[in-house]
Amino acid sequence: MQTLEFVTKYSGVLTCTNESGGGDKSSSPSSSSSLQIAMSIPVHEAEPLRADWRESDPEARALVEKTLSGSSLGLGDVAEALLTPGMHRTLVVRLADGCVDRAGFEAIPVPAAKLDEDDGPAEEGRTRRIGTLMITVKGEEGGEYDFLSR
């Protein structure tokens, strides 16, 4: 079995293993019809924001409001909000089931600028808690996708 490790800036070591069988160094991808490489992806558990986050977390509220402002959706359509700790700082927002169809979801504007650049400097002496926003919604019943994310 061959193993290759990649040292990444944010996720640490990612390990890739050739699980194609054979495994000797003389075999090449072209000689095997079923090359299988497995990659260990680190899990970053997300923690729910407080139930009253709309009132108690102005940073999260402003970011979600700003992102949804170009659509027919609002804070009331958010079913759940979670934040990954550490350097990833991803705010994951799950919209309520059935609140928007696929076309409406895909119409949500995606900001081109990084959050830190777009929103100006953080309050003095404090850095931002949120670096990335991901919005997700359950796919339509019987549809092609189980969920959609932006």
Point to revise | Taking D52, D97 and counting other C-beta atoms within 10 Å, the order from fewest to most | key: D52, D97
Exercise for review: For each of C99, C16, count neighbouring Cβ atoms within 10 Å of the residue's Cβ, then give the residues from fewest to most.
Suggested key: C16, C99
Study note, to complete from the structure: HN-Hα couplings for the stretch 70-75 via Karplus (6.51, -1.76, 1.60; θ = phi - 60°), in whole Hz with x for Gly/Pro, come out as x, 10, 8, 8, x, 4
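Counting Lys +1, Arg +1, Asp -1, Glu -1, what net charge surrounds C99 among other residues with beta carbon under 11 Å of its beta carbon? Working shown, then result.
Values: positive: R94, K138; negative: D77, D97, D101.
Its environment carries a net charge of -1.
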Practice item. Give me the distance in nm between label points sitting 7 Å out from Cα along the Cα-to-Cβ direction at E45 and T3, one decimal. Key: 2.5 nm
**Study point:** Modelled FRET efficiency - R0 41 Å, E65 with A38, Cβ distances, 0.05 increments
**Key:** 0.50
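Bear in mind these aren't lab numbers, they're just calculated from the coordinates by the rules spelled out. Just so we're clear, the structure is a prediction, and the values are computed from it rather than from any experiment. Neighbour counts are summed over all protein chains in view; Cβ atoms, including those assigned to glycine, are modelled from backbone coordinates with ideal geometry.
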